[in-house]
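Asks: One structure, as structure tokens, below. Some questions next.
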Amino acid sequence: MHKIRKAVFPVAGFGTRFLPATKAMPKELMPIVDKPLIQYAAEEAIAAGIDTLIFVTGRNKRAIEDHFDSNQELEAALLAKGKAEQADRVRNILPKGVECIFVRQPEQLGLGHAVLCAERVVSNDPFAVLLADDFLTYGGAGITSDLAEAFGRSGKIQLSVMEVDGPDISKYGVVAPSEVPGGVAGLIEKPDAVDAPSNLASIGRYVLTPDIFDILRNQPAGSGGEIQLADAINTQAQRGDVEAVRLNGLRFDCGSVDGYLDAIMHVAEQRRRG
Ligand code: UTP
């Protein structure tokens with residue numbers, strides 16, 4: 001079965017909930033203590049065996065490029081001051097053999113449209129998608145690794161899901177389970193809580209197949225007037241092509257200020273304990 005070697009990171013959103021912090025900087029560069037969200041997500045992808053990182057950027061593309069680029073001047077300055085550990089931290093942001101590719105989303109037309117912008121680079125391969133503002137803790141090699149393994153077994157599209165009880169379910173894409181264990185019959189974007197087909201919420205990690213590009217290209221705007229990734233996955237689910245994998249860990253919604261604060265407090269607490 002096809003190995004997943006490419007990951008798409010949509011980082012072109014406006015991040016309006018974090019203004020003014022996100023006026024000149026993508027929200028995915030905001031740090032959880034001393035490491036930006038996007039680096040946690042890149043490390044998760046690399047741990048899953050992915051070696052091609054595709055960033056779909058907007059107007060603030062430079063800062064993300066600079067973060068993943070080497071900075072020999074900084075490294076040399078740190079080494080000259082005897083700060084070898086800090087120099088290592090700068091050098092080891094990406095292991096050897098991992099390549100970064102940057103594509104542009106010319107207009108912020110939604111997450112589905114951002115994924116479509118990566119079509120030419122993804123080409124005809126299955127690929128992972130990671131939303132770096134979903135900050136995850138996990139056991140093992142990470143949820144992207146779990147999704148890639150599940151894809152290796154069945155060849156089907158993989159969604160990561162977690163249980164959300166109560167009215168908050170209406171903030172998510174919600175899975176309509178099929179009769180097959182782990183099977184997904186539909187994905188409903190932000191339903192009213194009373195209409196939610198289950199308590200299984202789709203979170204920001206996916207393994208997708210390239211047939212999604214044709215669906216996205218021909219899809220009308222959905223919830224919020226945006227081209228929604230969930231709507232395209234819903235079309236694939238109705239064809240019986242989608243499965244769900246449960247998150248083995250915690251998820252913090254770092255697209256919201258409260259979730260971001262909780263993530264920082266969680267990581268800070270763990271660091272203090274050592
Ligand atoms: P969000 O729905 O959180 O939107 O995007 P946002 O613009 O980033 O933030 P708010 O709601 O204005 O505060 C979910 C993910 O999809 C990306 C974002 O960068 C984020 O990773 N995205 C969203 C794009 O890349 N392009 C888009 O057009 C929309």
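Asks: Please work out if residue 168 is among the acidic types (Asp, Glu) and either within 25 Å of residue 28 (Cβ to Cβ) or within 16 Å of the ligand (Cβ to nearest atom) (or both).
Replies: The answer is yes for residue 168.
Asks: Filter the stretch 186-228 for residues that are of a type in the set (Val, Ile, Thr) and open to solvent by less than 60 Å² (accessible area, probe 1.4 Å); which is nearest to residue 133 (Cα to Cα)?
Replies: Ranking the qualifying residues of the stretch 186-228, first place goes to 203.
Asks: Any residue at all in the stretch 71-83 that is within 16 Å of the chain's Cα centre (by Cα) and buried (at least 19 other Cβ atoms within 10 Å of the Cβ)?
Replies: Within the stretch 71-83, not a single residue is within 16 Å of the chain's Cα centre (by Cα) and buried (at least 19 other Cβ atoms within 10 Å of the Cβ).
Asks: Collect the residues in the stretch 102-160 that are under 15 Å from residue 40 (Cβ atoms) and assigned to a helix (DSSP H, G or I), keeping them in residue-number order.
Replies: Result: 143, 144, 145.
Asks: A further question follows. Report, by residue number, each residue of the stretch 229-243 that is within 15 Å of residue 129 (Cβ to Cβ) and of a type outside the set (S, T, N, Q). Spell out how you get there, then give the answer.
Replies: First, pick out the residues of the stretch 229-243 that are within 15 Å of residue 129 (Cβ to Cβ): 229-233, 236, 242.
Passing the criteria: 229, 230, 231, 232, 233, 242.
Asks: Scan the stretch 109-163 for residues that are free of Cβ contacts under 8 Å to residues at least 24 places away in the same chain and within 24 Å of residue 248 (Cβ to Cβ) and report the count.
Replies: Within the stretch 109-163, residues that are free of Cβ contacts under 8 Å to residues at least 24 places away in the same chain and within 24 Å of residue 248 (Cβ to Cβ) number 1.
Asks: Does residue 87 satisfy the criteria of being out of contact with any strand residue (DSSP E or B) (no Cβ under 7 Å at 6 or more places or on another chain), open to solvent by 30 Å² or more (accessible area, probe 1.4 Å) and more than 18 Å from residue 145 (Cα to Cα)?
Replies: no
Let's see how each residue does on (1) more than 23 Å from residue 126 (Cβ to Cβ); (2) within 11 Å of the ligand (Cβ to nearest atom); (3) of a type in the set (A, V, I, L, M):
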site: 37; (1), (2), (3): yes, yes, yes
site: 50; (1), (2), (3): no, no, yes
site: 63; (1), (2), (3): yes, no, yes
site: 86; (1), (2), (3): yes, no, no
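Asks: When residues of the stretch 236-260 are filtered for being part of a helix (DSSP H, G or I) and in contact with a strand residue (DSSP E or B) (Cβ under 9 Å, 6 or more places away or on another chain), how many remain? If you could, list the steps in order and put the result at the bottom.
Replies: Going through the stretch 236-260, the residues part of a helix (DSSP H, G or I) turn out to be 236-238, 257-260.
Imposing the further condition that a residue be in contact with a strand residue (DSSP E or B) (Cβ under 9 Å, 6 or more places away or on another chain) reduces the set to 236-238, 259-260.
Matching residues across the stretch 236-260 total 5.
Asks: Exactly one of these conditions fails for residue 153: (1) open to solvent by 10 Å² or more (accessible area, probe 1.4 Å); (2) touching a helix residue (DSSP H, G or I) at 6+ places or on another chain (Cβ under 8 Å); (3) more than 20 Å from residue 221 (Cα to Cα). Give me its number.
Replies: Going through (1) open to solvent by 10 Å² or more (accessible area, probe 1.4 Å); (2) touching a helix residue (DSSP H, G or I) at 6+ places or on another chain (Cβ under 8 Å); (3) more than 20 Å from residue 221 (Cα to Cα) one by one, residue 153 breaks only (2).
Asks: Return the residues of the stretch 122-148 that are open to solvent by 20 Å² or more (accessible area, probe 1.4 Å) and either more than 17 Å from the chain's Cα centre (by Cα) or within 8 Å of the ligand (Cβ to nearest atom) (or both); say none if nothing qualifies.
Replies: Once the filter is applied, which keeps residues that are open to solvent by 20 Å² or more (accessible area, probe 1.4 Å) and either more than 17 Å from the chain's Cα centre (by Cα) or within 8 Å of the ligand (Cβ to nearest atom) (or both), the stretch 122-148 yields 123, 124, 125, 131, 133, 139, 140.
Asks: May I ask you to say which residue of 150, 176, 201, 141 is of a type in the set (Gly, Ala, Ser) and more than 30 Å from residue 266 (Cα to Cα)?
Replies: From the options 150, 176, 201, 141, the qualifying one is 176.
Asks: Of all residues in the stretch 42-53, which are within 26 Å of residue 257 (Cβ to Cβ) and either open to solvent by 40 Å² or more (accessible area, probe 1.4 Å) or without any contact (Cβ under 8 Å) to a residue 12 or more places away in the chain (or both)?
Replies: Of everything in the stretch 42-53, just one residue is within 26 Å of residue 257 (Cβ to Cβ) and either open to solvent by 40 Å² or more (accessible area, probe 1.4 Å) or without any contact (Cβ under 8 Å) to a residue 12 or more places away in the chain (or both), namely 43.
Asks: While we're here: For a quick check of your reading: which strands (runs of 3 or more DSSP E) sit entirely within the stretch 161-227 and have at least 2 residues that are closer than 17 Å to residue 114 by Cβ? Steps first, answer last, please.
Replies: On the way: elements: 173-177, 183-189, 200-208.
It comes to 200-208.
Asks: Follow-up. Checking the conditions here, which among 18, 14 is farther than 30 Å from residue 152 by Cβ, of a type outside the set (A, V, I, L, M), within 12 Å of the ligand (Cβ to nearest atom) and open to solvent by 70 Å² or more (accessible area, probe 1.4 Å)?
Replies: Sole residue among the options that is farther than 30 Å from residue 152 by Cβ, of a type outside the set (A, V, I, L, M), within 12 Å of the ligand (Cβ to nearest atom) and open to solvent by 70 Å² or more (accessible area, probe 1.4 Å): 14.
Yes or no, residue by residue, for (1) surrounded by 15 or more Cβ atoms within 10 Å (Cβ to Cβ); (2) assigned to a strand (DSSP E or B); (3) in contact with a Phe, Trp or Tyr (Cβ under 7 Å, 6 or more places away or on another chain):
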| residue | (1), (2), (3) |
| --- | --- |
| 7 | yes, yes, yes |
| 25 | yes, no, no |
| 40 | yes, no, yes |
| 55 | yes, yes, yes |
| 59 | no, no, no |
| 63 | yes, no, no |
| 66 | no, no, no |
| 93 | yes, no, yes |
| 97 | no, no, no |
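The values are calculated or read from the model by the stated rules, or taken from the named source; none is laboratory data. As the structure is a prediction and not an experimental result, all values here were calculated from the model. A quick note on method: Cβ atoms are made from the backbone with ideal geometry, for glycine too, and the neighbour counts reach across all protein chains shown. Note: areas computed on protein heavy atoms with side chains; ligands, DNA, RNA excluded. Shrake-Rupley method; radii C 1.70, N 1.55, O 1.52, S 1.80 Å.
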